[in-house]
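In what follows, a structure is listed as structure tokens, so that the remarks can point back to it.
The values are calculated or read from the model by the stated rules, or taken from the named source; none is laboratory data. Computed from a prediction, not measured in an experiment: that's the story for all the values here. When we count neighbours, we look across all protein chains shown, and the Cβ atoms used for this are built from the backbone with ideal geometry, even at glycine.
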């Protein structure tokens, strides 16, 4: 298998995933170290990307892997900027809010992209007024990110349940990230600090591993990470509020048990706490805590028919607005909510012949959102999803074929108050749906380096409690109508996606190109309904999203470089009520690209690089007034930014790194970041220097 290290830690794995074309791997995959020798794997023994990435595509396209080390070394600790270097991927990330919302091919929010931390779906969203958003807001400390894996389009297995446009998983560091090789006990310390509000970032981790007396091995790890970011200035020198605050602290524990070569058990627990004050985009202090526990089991005996993976998780995400001296308003003080998620999945892979493999399994998840009576527009409710999937892959000469079917069903339930003759009672409401979702694909190998593919897949997304029960707790900032605007008749969104592509990779170079079109039916927006009431509704007709995605790169003994280009036409419908916290309208810019060029010195111990980030014209939704919430679409101009970065491996145990973001201190209004930066508001972060080091002991 040919491997390449892609510049700045964003790698494109050219494969078709274990759930579609597991035998397609004569083509080179792009992985970890350019110095590896070329090895062409026999196709009958390739087991896909298990253990390498945590999401798998059903399209035959690329899996993008953003390395956590590169996020710190060359992206100033900014996960969102690193993700934007992946073709077809963008984010919504206001400069004063650490939450990352992943946008894939123009789709974001409400689970359209299944975004996870260590396989746990992140479903938290705040619709309680100022700073509210349809988006699923993901809070993760960049110091703990080992990689961010992104699959576009239809996604295999449990990660694809209810995902309309793709999936992204932030994998946190584990035992093998702290300990090198057979080392029994060790630790890692990472520290960085900078200018322009970039305070100290510290991650400390320790791990140990050993053998059982009866055979097998075990390992444990404990990590603590946190940082302090504060007031910053944009390229014009305009500063954010003096009260700007983002100070998370995360404790992460993991354990691994391998009683035998056939069985592996992994357990993880995480506690994330943050008091943040996004003064520009929200105006309220957020007090947040996320606690989670997960367990993974993998059983792979000496059998072609048994390769079982199972997972279970529980997560509690809570927030409240306790009040703060810098708040301009007090209307949201006292609001609080709890988002509890739990679920499990089990799958198996069976090889019935050297050329035929079946992957199958089922998954279940539950999302229970509960808010207090001051919850603003948030509505309490519970969403259950259950899915089963079957995928077949078959190799015939230079051809690889994939065909699959998944069955997804969902049930949404909650309660609303109803007043009749001045007597208020609680009325239960529920809704449900189901879909059969097929997928087909084919890949042809011209050689070990060159292949082309085509695919067709159907996906769906169930409505959420936020959409069905929006406004039950008092619907502030919407014009006209009653205060209760529920919609128990919402249908799921459905998409048909066609994709074609070509991949070429050698030991030194790689190039990939793909084109897609998605036709989405029953797209859900916040709109005035036929009865002149405002609620979430399914709009008629098809929403079409299409684009072209290009990626390429090289790495020699002295130089390296990469280029990613996205050309998109993803005009999703703008809701009448868009803007003002109801719908930030996550449309992609029509084009954006990232170009990286760099050189190596002292062998491969030192690297220096320069990056250009171009983002084309985009639009943002803004409400007209609180009495007339009709959306106005406002253009945001294009911008080009330049960054510098470098790293030096001082010894086997120490590395230094530095970066300069926005070298020319350019003023710009960040695309897809809402309307808070308009009309004289603060722009994107100005010139920022960072310096840091990683030590292993």
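Could you name every one of the strands (runs of 3 or more DSSP E) located completely within the stretch 489-579 that has at least 2 residues being out of contact with any helix residue (DSSP H, G or I) (no Cβ under 9 Å at 6 or more places or on another chain) and closer than 28 Å to residue 617 by Cβ?
493-505, 509-521, 524-528, 542-555, 559-569
Given the options 507, 555, name the one that is buried (at least 19 other Cβ atoms within 10 Å of the Cβ), at pLDDT 85 or above and closer than 30 Å to residue 597 by Cα. Break it down stepwise before answering.
Numbers: 507 fails: buried (at least 19 other Cβ atoms within 10 Å of the Cβ).
Answer to the check: 555.
Condition first: over 23 Å from the mean Cα position of the chain (by Cα), part of a strand (DSSP E or B) and crowded, with 18+ Cβ neighbours inside 10 Å. Can you find one or more residues in the stretch 287-303 that meet it? Before the answer, list the steps.
Taking the stretch 287-303 as the starting set, the residues that turn out to be over 23 Å from the mean Cα position of the chain (by Cα) are 297-303.
Filter once more, keeping what is part of a strand (DSSP E or B): 297-299.
After this cut, where a residue has to be crowded, with 18+ Cβ neighbours inside 10 Å as well, the list is none.
Looking through the stretch 287-303, none of the residues is over 23 Å from the mean Cα position of the chain (by Cα), part of a strand (DSSP E or B) and crowded, with 18+ Cβ neighbours inside 10 Å.
For the structure I just gave you, tell me whether residue 454 is part of a strand (DSSP E or B), under 25 Å from the mean Cα position of the chain (by Cα) and in contact (Cβ under 8 Å) with a residue 40 or more places away in the chain.
Judged against the criteria, residue 454 is a match.
Given (1) surrounded by fewer than 23 Cβ atoms within 10 Å (Cβ to Cβ); (2) modelled with pLDDT under 95; (3) more than 24 Å from the chain's Cα centre (by Cα); (4) closer than 25 Å to residue 440 by Cα, where does residue 502 come up short, assuming only one miss?
(2)
For the stretch 603-629, give me each residue that is modelled with pLDDT of 90 or more, assigned to a loop (DSSP other than H, G, I, E, B) and under 24 Å from residue 561 (Cα atoms).
Residues satisfying the conditions are 605, 616.
Which of the residues belonging to the stretch 257-271 are in a strand (DSSP E or B), more than 19 Å from residue 345 (Cβ to Cβ) and more than 22 Å from the chain's Cα centre (by Cα)?
Within the stretch 257-271, 257, 258, 259, 260 qualify.
Given the criterion at pLDDT below 95, touching a strand residue (DSSP E or B) at 6+ places or on another chain (Cβ under 6 Å) and in a strand (DSSP E or B), identify the matching residue among 274, 311.
Details: 311 fails: at pLDDT below 95.
Checking each option against the conditions leaves just 274.
Of all residues in the stretch 240-251, count the ones that are at pLDDT 90 or above and either out of contact with any strand residue (DSSP E or B) (no Cβ under 9 Å at 6 or more places or on another chain) or surrounded by fewer than 21 Cβ atoms within 10 Å (Cβ to Cβ) (or both).
Final tally of qualifying residues: 3.
Quick grid of which residues meet (1) at pLDDT below 85; (2) under 26 Å from the mean Cα position of the chain (by Cα); (3) assigned to a strand (DSSP E or B); (4) within 21 Å of residue 80 (Cα to Cα):
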position	(1), (2), (3), (4)
642	no, yes, yes, yes
645	no, yes, yes, yes
648	no, no, yes, no
657	no, yes, yes, yes
664	no, no, no, yes
667	no, no, no, yes
671	no, yes, no, yes
675	yes, yes, no, yes
680	yes, no, no, no
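Look through 155, 202 and report the one residue that is crowded, with 24+ Cβ neighbours inside 10 Å and closer than 22 Å to residue 100 by Cα. I'd like the intermediate steps shown before the answer.
Values: 202 fails: crowded, with 24+ Cβ neighbours inside 10 Å.
From the options 155, 202, the qualifying one is 155.
Consider residue 459 carefully, then state whether it is within 25 Å of the chain's Cα centre (by Cα), surrounded by 15 or more Cβ atoms within 10 Å (Cβ to Cβ), at pLDDT 95 or above and closer than 30 Å to residue 353 by Cβ.
yes
Report, by residue number, each residue of the stretch 658-675 that is under 17 Å from residue 605 (Cα atoms) and surrounded by 22 or more Cβ atoms within 10 Å (Cβ to Cβ).
Step one: list which residues in the stretch 658-675 are under 17 Å from residue 605 (Cα atoms), which gives 658-659.
Of everything in the stretch 658-675, just one residue is under 17 Å from residue 605 (Cα atoms) and surrounded by 22 or more Cβ atoms within 10 Å (Cβ to Cβ), namely 659.
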